[in-house]
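Enquirer: Can you keep this structure in mind? I'll have questions shortly.
The values are calculated or read from the model by the stated rules, or taken from the named source; none is laboratory data. Note that the structure is a prediction, hence the values are computed from the model and not measured. Backbone-built Cβ (ideal geometry, glycine too); neighbour counts: all protein chains shown. What goes into the accessible areas is simple: the full protein's heavy atoms, side chains included, and nothing from ligands, DNA or RNA. Shrake-Rupley method; radii C 1.70, N 1.55, O 1.52, S 1.80 Å.
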Amino acid sequence: MSDPFFQPVSGFDLPRFAGVPTFMRLPHVSLDDPRIAEVGIGLVGAPWDSGTTNRAGPRHGPRQLRDLSTMIRAGNGATGVRPFELVNCADLGDVPPNPADLQDSLDRFTRYYSRIREAGIVPLTAGGDHLCTLPILRGLAADGPLGMIHFDSHTDLFHSYFGGSMYTHGTPFRRAVEEGLLDPKRVVQIGIRGTAYDTEDRDFAESVGIRVIAIEEFFKRGIEDVMAEARSIAGTRPTYVSYDIDFVDPAFAPGTGTPEVGGPNSFQAIQVVRELRGVNIVGADLVEVSPPFDPSGATAWLGVSLMFELLCVMAEQMAAAT
């Protein structure tokens, strides 16, 4: 049972439109707060999109995600999991980026997540563009390469952009494999689709043993079968989960920078997360929510709903391990 201090504010006690918004109405605990030692899962904002190459905006994602997350309640109506009663959860605030210096931002993120790892906290991050995941992995993979289950329309395995730019939202997992942060034979990418410049990313995946499951295979086989394979690839060792909101069809999640048609609906988007039960998750993220392309907040609402599903799986796993 978690400490009452870490329980979210109930909508019966304070209207959801009132108060200072934190992720899921949890207490805000900074890394310098003495109570940080009591936190099991930390929700983090990553307001940075300097890796974006076309339609910018995910830097505003964490703020909108926080606001929409006030609608989240304490229990999962489908699985019965009540994560805030299983593990002490808190909003750790935002990683402070440097929007004028990409490399400095990467270093800031790495230091921040190194501190989270050293504190024994499992992070659940709201992006930000997908380049954010690279320094998160740098901070978390100190003890060896991680596995990864990756939901996305794109592999993000390209070598470089524009003649040599190595750090964009299309290159993070190429860098992560090269730097030894990911074990490619324990990486699976699900939902890949859309038009392509060439096959460079797929060729790299094949050369190092990354399993790519295109959207056609995903729909042909079905969620349970695909996710059983994903769990098998990840195995029992530490695994990171990265969820790009453009995995979801833009009919349900238009607020993203690189939408691709022909994806899962919002219910299927939630189902794949529930099928992560049993995976040894040491961190997760939900990235690429871009409020300028969906001021209504519908994409962010789906995003925080997915974060809650991730939180349920993570909290259940942590509680079972204690």
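Enquirer: Would it be correct to say that residue 46 is over 17 Å from residue 75 (Cα atoms) and over 23 Å from the mean Cα position of the chain (by Cα)?
Expert: For residue 46, the condition - over 17 Å from residue 75 (Cα atoms) and over 23 Å from the mean Cα position of the chain (by Cα) - is not met.
Enquirer: Take residue 74 and decide whether it is among the small types (Gly, Ala, Ser) and either crowded, with 18+ Cβ neighbours inside 10 Å or at positive phi (or both).
Expert: No; evaluated as a whole, the condition is false for this residue.
Enquirer: Return yes when residue 73 is assigned to a helix (DSSP H, G or I) and basic (Lys, Arg) and no when it is not.
Expert: Judged against the criteria, residue 73 is not a match.
Enquirer: Give the residues of region 123-155 that are buried (at least 23 other Cβ atoms within 10 Å of the Cβ) and either closer than 21 Å to residue 83 by Cβ or without any contact (Cβ under 8 Å) to a residue 60 or more places away in the chain (or both), sorted by residue number.
Expert: Of everything in region 123-155, those that are buried (at least 23 other Cβ atoms within 10 Å of the Cβ) and either closer than 21 Å to residue 83 by Cβ or without any contact (Cβ under 8 Å) to a residue 60 or more places away in the chain (or both) turn out to be 123, 124, 125, 126, 127, 134, 135, 136, 149, 151.
Enquirer: Shifting gears a bit: Go through region 286-315 and give me each residue that's surrounded by fewer than 20 Cβ atoms within 10 Å (Cβ to Cβ) and touching a Lys or Arg at 6+ places or on another chain (Cβ under 9 Å).
Expert: Listed by number, the residues that qualify are 292, 293.
Enquirer: Cβ-Cβ distance below 6 Å, separation of 6 or more or different chains: which pairs start in region 273-290 with a residue that is more than 24 Å from residue 55 (Cβ to Cβ) and in contact (Cβ under 8 Å) with a residue 12 or more places away in the chain and end on one that is assigned to a strand (DSSP E or B) and of a type in the set (Phe, Trp, Tyr)?
Expert: Cβ pairs passing all conditions: 283/240.
Enquirer: Taking residue 247, is it under 23 Å from residue 46 (Cβ atoms) and of a type in the set (Phe, Trp, Tyr)?
Expert: Answer is yes for this residue.
Enquirer: Out of the residues in region 22-41 that are buried (at least 18 other Cβ atoms within 10 Å of the Cβ), farther than 16 Å from residue 82 by Cβ and not hydrophobic (A, V, I, L, M, F, W, C), which is nearest to the chain's Cα centre (by Cα)?
Expert: Looking at the filtered set, the residue picked out is 22.
Enquirer: Let me ask something else about it. Which of the residues belonging to region 228-244 are among the small types (Gly, Ala, Ser) and open to solvent by 10 Å² or more (accessible area, probe 1.4 Å)?
Expert: From region 228-244, those among the small types (Gly, Ala, Ser) are 228, 230, 232, 234-235, 242; that's our starting set.
The answer is 228, 232, 235.
Listed here are the residues, each with its yes/no results for (1) open to solvent by 40 Å² or more (accessible area, probe 1.4 Å); (2) part of a strand (DSSP E or B); (3) touching a helix residue (DSSP H, G or I) at 6+ places or on another chain (Cβ under 6 Å).
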| position | (1), (2), (3) |
| --- | --- |
| 43 | no, yes, yes |
| 49 | no, no, yes |
| 54 | yes, no, no |
| 61 | no, no, no |
| 65 | no, no, yes |
| 81 | no, no, yes |
| 93 | no, yes, no |
| 97 | no, no, yes |
| 100 | yes, no, no |
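Enquirer: Next question, about the same structure. Looking only at region 7-17, which residues are surrounded by 11 or more Cβ atoms within 10 Å (Cβ to Cβ) and over 27 Å from the mean Cα position of the chain (by Cα)? Before you say what the answer is, go through the steps one by one.
Expert: We begin by selecting, within region 7-17, every residue surrounded by 11 or more Cβ atoms within 10 Å (Cβ to Cβ); these are 7-11, 14, 16.
The answer is 14, and nothing else.
Enquirer: Sticking with this structure for a sec: Give the residue that is most open to solvent (accessible area, probe 1.4 Å), with candidates limited to residues of region 167-213 that are over 18 Å from residue 241 (Cα atoms) and among the hydrophobic types (A, V, I, L, M, F, W, C).
Expert: 196
Enquirer: Look through region 215-227, keep the residues that are assigned to a helix (DSSP H, G or I) and open to solvent by less than 40 Å² (accessible area, probe 1.4 Å), and return whichever of them is nearest to residue 267 (Cα to Cα).
Expert: Restricting to residues being assigned to a helix (DSSP H, G or I) and open to solvent by less than 40 Å² (accessible area, probe 1.4 Å), the top hit is 223.
Listed here are the residues, each with its yes/no results for (1) among the acidic types (Asp, Glu); (2) touching a helix residue (DSSP H, G or I) at 6+ places or on another chain (Cβ under 6 Å); (3) open to solvent by less than 50 Å² (accessible area, probe 1.4 Å).
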| residue | (1), (2), (3) |
| --- | --- |
| 246 | yes, no, yes |
| 255 | no, yes, yes |
| 271 | no, yes, no |
| 279 | no, yes, yes |
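Enquirer: Checking the conditions here, which among 262, 283 is part of a loop (DSSP other than H, G, I, E, B) and either over 29 Å from residue 142 (Cβ atoms) or open to solvent by less than 10 Å² (accessible area, probe 1.4 Å) (or both)?
Expert: 262
Enquirer: Does region 174-203 hold any residues that are assigned to a helix (DSSP H, G or I) and farther than 21 Å from residue 56 by Cβ, and which are they? First the steps, then the outcome.
Expert: Start the filter on region 174-203 by keeping residues that are assigned to a helix (DSSP H, G or I), which leaves 174-178, 200-203.
174, 176, 177, 178, 200, 201, 202, 203, listed by residue number.
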